[in-house]
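The values are calculated or read from the model by the stated rules, or taken from the named source; none is laboratory data. Because the structure is predicted, anything quoted here is derived from the model rather than measured. So basically every Cβ, Gly included, is an ideal-geometry build from the backbone, and we count neighbours across all protein chains shown. Calculation scope for accessible area: heavy atoms of the full protein, side chains included, ligands and nucleic acids excluded. Shrake-Rupley method; radii C 1.70, N 1.55, O 1.52, S 1.80 Å.
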Amino acid sequence: MLTSPPVILTIAGSDSCAGAGLQADLKAISANGGYGICAVTAIVSEVPHVVSRVQIVEPEMLADQLAILSANYPIACIKTGMLANRELAQITADFLEAQAKHGIRLVVDPVMVATSGDRLLDDAAIDIYRERILPLAGIATPNLAEAETLLDRKIESESEMTEAASDFLKIFGCATLLKGGHLSDDQDAIDIFASPDGVIRLIAPRIPNIDAHGTGCTLSAALAALLGGGAPCNEAVRKAKAYISAAIAQSFHWNEPADISALNHDPDGLQSDS
């Protein structure tokens, strides 16, 4: 009999261009050996760099999705993305607290701002992250802007990144992969991972002129799939970093009807090889 893959739940917004959000999550989960299921928090009409419209789902709809999925699937790991507002963040926190009692692992991508610069989270929800969601996480994956918001300070150098990742761990009690892709135009893209085992510097060659739409969602979803499959934390982080680097390096591009790019969520045919 075919072995069933670990079930990974993503709680996130829907991205109409499928480069980010739950569509990117599901592709990345599949490419990294998981079976993805999803609870939709919002419908976002967008393409890279342009958000046209956001429609947030009713709280009862999110609660129902979470209830029916958790009652029927053996969830191995949960990944959160866009939670949209305070009500949905509260419902998610209630659900995560219940699941934590069963030892289910959690990756929190604290989505607050799209690559386009559009806000994807209202201010009232940020305290829910600080007080209820992040303390439940096994790993958080903030980018620089998100870490600055949650820590209430600027991060402008690699040394400040290292200090911020360590402080994130101390304050919220979760291992932290701080993504430094937007820090500078240096030759290398540097992320910092802080865990109870210490601090790791993750380096990959910076690929010029790429579209970063969906990179954060894809990285955190890959990480959730790897953790759900039983990979140790440090190994999962290194593999997820290698995966997103390959997805960027092998990205797709179209010239018509618009000049547009997209991540390759199955670089080197990983899905067919797994």
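Does L151 satisfy the criteria of being crowded, with 17+ Cβ neighbours inside 10 Å, without any contact (Cβ under 8 Å) to a residue 40 or more places away in the chain and within 16 Å of the chain's Cα centre (by Cα)? Against the criterion (crowded, with 17+ Cβ neighbours inside 10 Å, without any contact (Cβ under 8 Å) to a residue 40 or more places away in the chain and within 16 Å of the chain's Cα centre (by Cα)), L151 does not qualify. For the range 191-213, what are the residues that are among the hydrophobic types (A, V, I, L, M, F, W, C), at pLDDT below 90 and closer than 18 Å to K239 by Cβ? I203, A204, listed by residue number. Taken over the range 5-31, the criterion of being more than 13 Å from the chain's Cα centre (by Cα) and either open to solvent by less than 30 Å² (accessible area, probe 1.4 Å) or aliphatic (A, V, I, L, M) (or both) is satisfied by V7, S14, D15, A18, A31. Just so you know, in the range 188-224 the residues that are of a type in the set (G, A, S) and assigned to a loop (DSSP other than H, G, I, E, B) include one that is nearest to A39 (Cα to Cα), and it is G214. Taking the criterion of being of a type outside the set (S, T, N, Q), under 20 Å from T215 (Cα atoms) and assigned to a loop (DSSP other than H, G, I, E, B), the residues of the range 156-187 that qualify are G180, G181, H182, L183, D185, D186. I68 meets the conditions (1) touching a residue at least 24 places away in the same chain (Cβ under 8 Å); (2) over 26 Å from H253 (Cα atoms) in every case but one. The failed one is (1).
Out of the range 78-105, which residues are more than 18 Å from G13 (Cα to Cα) and part of a strand (DSSP E or B)? Across the range 78-105, the qualifying residue is only R105. Looking at (1) of a type outside the set (G, A, S); (2) closer than 30 Å to V50 by Cβ; (3) open to solvent by 40 Å² or more (accessible area, probe 1.4 Å), find the lone condition where N72 falls short. Of everything listed in (1) of a type outside the set (G, A, S); (2) closer than 30 Å to V50 by Cβ; (3) open to solvent by 40 Å² or more (accessible area, probe 1.4 Å), N72 misses just condition (2). Out of N255, N264, report the one residue that is surrounded by fewer than 20 Cβ atoms within 10 Å (Cβ to Cβ) and within 24 Å of M82 (Cβ to Cβ). Result of the check over N255, N264: N264. Scanning the range 202-218 for residues that are open to solvent by 10 Å² or more (accessible area, probe 1.4 Å) and either under 16 Å from F252 (Cβ atoms) or in contact with a Pro (Cβ under 6 Å, 6 or more places away or on another chain) (or both) returns I207, N209, I210, D211, A212, H213, T215.
Against the test of being touching a residue at least 40 places away in the same chain (Cβ under 8 Å), open to solvent by less than 30 Å² (accessible area, probe 1.4 Å) and among the hydrophobic types (A, V, I, L, M, F, W, C), the options A249, A221, A231 yield a single qualifying residue, A221.
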